[in-house]
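Notes follow the structure.
The values are calculated or read from the model by the stated rules, or taken from the named source; none is laboratory data. None of these values were measured; they are calculated from a predicted model. Virtual Cβ from ideal backbone geometry, glycine too; neighbours counted across all protein chains shown. Accessible surface areas use protein heavy atoms only, side chains included; no ligands, DNA or RNA. Shrake-Rupley method; radii C 1.70, N 1.55, O 1.52, S 1.80 Å.
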Amino acid sequence: DAGITQSPRHKVTETGTPVTLRCHQTENHRYMYWYRQDPGHGLRLIHYSYGVKDTDKGEVSDGYSVSRSKTEDFLLTLESATSSQTSVYFCAISESRDPIVYTFGSGTRLTVV
Amino acid sequence: AQSVSQHNHHVILSEAASLELGCNYSYGGTVNLFWYVQYPGQHLQLLLKYFSGDPLVKGIKGFEAEFIKSKFSFNLRKPSVQWSDTAEYFCAVKRDNAGNMLTFGGGTRLMVKP
């Protein structure tokens, strides 16, 4: 596998609590993305990053924030988790010379109760 | 409205049957097209991609896809499926005005019976 890891792999949290998911890469790729996967909806883009401290919103960004203080780390934060954010979250990376060919992480399964 | 449609949500086939999964997109400009596969419990992996040139694209594991511009389609095919092809398949599109962003279809879950 390419050097991309997501943590935690599984998490159960209560409604209203903050949650941070981490994506870590060792490939030195410039671009990083957070998607959520839900049945029938495929993958939908939450936020993405073009580089350190350079992030932007995707299709379903409400309720989520991100930070990228280092090339290798892209953090996704749910400020106050809701049940509608129960999902599987995938991080992806891509490099400058082939930016639309993604490599995906193994995912984080988040359950908000 | 979803701009990438995969009309077959669930497909069940027997081994050695032929496979065709549909993918249609609703964008009139230039596109790049992808099929990703997600085996049970694993992350998404790239099966094949179309950027330009020959509209018939061959990917890994015997899969191929044909880009038909007039039909806005990029259907995935395999002549003879195996039990190990059981997975979920996602079509994705990159529009020419969307930077690096891919838009995914809703996925098709394929089960191959041994």
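Observations, loosely collected:
- Across the range B:1-21, the qualifying residues are those that are away from every other protein chain (no Cβ under 11 Å) and touching a Gly at 6+ places or on another chain (Cβ under 9 Å), and the one among them that is most open to solvent (accessible area, probe 1.4 Å) is B:7.
- Spans of strands (runs of 3 or more DSSP E) in the range A:54-103 with at least 3 residues away from chain B (no Cβ under 12 Å) and free of Cβ contacts under 8 Å to residues at least 40 places away in the same chain: A:64-70
- Top-ranked residue of the range A:87-104 - restricted to ones that are of a type in the set (Ser, Thr, Tyr), in contact with a Lys or Arg (Cβ under 9 Å, 6 or more places away or on another chain) and buried (at least 16 other Cβ atoms within 10 Å of the Cβ), ranked as farthest from residue A:53 (Cα to Cα): A:87
- Selection within the range B:58-109: residues that are within 14 Å of another protein chain (Cβ to nearest Cβ) and of a type in the set (Ser, Thr, Tyr). The member of this set that is most open to solvent (accessible area, probe 1.4 Å) is B:103.
- In the range B:30-37 there is at least one residue matching the filter, namely being within 14 Å of chain A (Cβ to nearest Cβ), more than 25 Å from residue A:91 (Cβ to Cβ) and either in contact (Cβ under 8 Å) with a residue 40 or more places away in the chain or surrounded by 12 or more Cβ atoms within 10 Å (Cβ to Cβ) (or both).
- When residues of the range A:37-47 are limited to those that are more than 7 Å from every other protein chain (Cβ to nearest Cβ) and free of Cβ contacts under 8 Å to residues at least 60 places away in the same chain, the one nearest to residue A:72 (Cα to Cα): A:47
- Only one of A:107, A:63 that is open to solvent by 20 Å² or more (accessible area, probe 1.4 Å) and small (Gly, Ala, Ser): A:63
- Candidates in the range B:38-57 are the residues that are within 11 Å of chain A (Cβ to nearest Cβ) and of a type outside the set (A, V, I, L, M); of these, the one that is surrounded by the fewest Cβ atoms within 10 Å (Cβ to Cβ) is B:41.
- Residues of the range A:104-113 that are more than 11 Å from residue A:33 (Cα to Cα), part of a strand (DSSP E or B) and within 14 Å of chain B (Cβ to nearest Cβ): A:108, A:109.
- Single unsatisfied condition, residue A:30 versus (1) touching a Pro at 6+ places or on another chain (Cβ under 8 Å); (2) more than 14 Å from chain B (Cβ to nearest Cβ): (2)
- Within the range A:11-38, the residues that satisfy the criterion of being aliphatic (A, V, I, L, M) and within 16 Å of residue A:61 (Cβ to Cβ) are A:19, A:21, A:32.
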